[in-house]
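Report on the following structure.
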Amino acid sequence: MGTECATGSFRFSHRQCVALVFGCTVLGAAAQVLMKIGSAVLASPNLYAILTSVTLLAGYSLYGLSTALLVLALRDGQLSVLYPVVSLTYVWVTALSVMLFREPLNAFKILGVAAIMAGVTVLGRNANP
């Protein structure tokens with residue numbers, strides 16, 4: 001659980017900060033998928049079409065929500081621990097791209113995803129809550 005500091009404002013615990021950033025990665029990946037889908041159906045990629053597409057607007061909104069949650073997590077957490085977790089977005093995007101868009105998965109992508117996951121694990125295990 002979070003704690004309340006002397007000024008009465010809510011503070012997130014280390015685990016809550018990590019959970020918030022993890023949520024940001026999921027929202028960021030969903031935002032990128034929505035933007036991919038939205039961009040594919042643009043009849044004419046002009047500024048008006050880009051700013052009024054419902055699918056693109058949904059993607060922009062998820063990015064905004066992700067950013068707001070990241071700000072909250074960074075306020076109370078260690079940047080050197082939390083920011084590497086953001087790289088998990090690449091893992092989710094790769095998985096979603098393979099599942100939704102049938103993009104090819106090769107050994108280099110698998111190796112890259114494994115390296116990202118290993119890096120996040122190593123950096124997270126050395127954190128001081």
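Values for this structure:
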| read-out | value |
| --- | --- |
| Unmet criterion (only one of (1) modelled with pLDDT of 95 or more; (2) out of contact with any Leu (no Cβ under 6 Å at 6 or more places or on another chain); (3) within 25 Å of M99 (Cα to Cα)) for T67 | (3) |
| Boolean, L105 is over 15 Å from the mean Cα position of the chain (by Cα) and in a helix (DSSP H, G or I) | no |
| Pairs with Cβ under 9 Å, 6+ apart, first in the range 65-91 and closer than 9 Å to C24 by Cβ, second outside any helix (DSSP H, G or I) and at pLDDT 90 or above | A73/F12 |
| Helices (runs of 4 or more DSSP H) lying entirely in the range 1-98 (those with 3 or more residues that are among the hydrophobic types (A, V, I, L, M, F, W, C) and over 18 Å from I116 (Cβ atoms)) | 14-40, 47-52, 54-76 |
| Residue match in the range 107-128 (condition: in contact (Cβ under 8 Å) with a residue 40 or more places away in the chain, in contact with a Leu (Cβ under 6 Å, 6 or more places away or on another chain) and buried (at least 16 other Cβ atoms within 10 Å of the Cβ)) | no |
| Meets criteria (more than 13 Å from T25 (Cβ to Cβ) and modelled with pLDDT of 90 or more) for A115 | yes |
| Hits in the range 56-87 - residues which are under 9 Å from the mean Cα position of the chain (by Cα), surrounded by 21 or more Cβ atoms within 10 Å (Cβ to Cβ) and closer than 16 Å to G124 by Cα | V85 |
| Boolean, P129 is farther than 17 Å from M35 by Cβ, at pLDDT 95 or above and in a loop (DSSP other than H, G, I, E, B) | no |
| Qualifying residue in the range 44-55 (condition: surrounded by fewer than 16 Cβ atoms within 10 Å (Cβ to Cβ) and touching a helix residue (DSSP H, G or I) at 6+ places or on another chain (Cβ under 7 Å)) | no |
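The values are calculated or read from the model by the stated rules, or taken from the named source; none is laboratory data. On a predicted model such as this, the values are computed, not experimentally measured, just so you know. Using ideal geometry, Cβ is built from the backbone for each residue, glycine included, and neighbour counts are taken over all protein chains shown.
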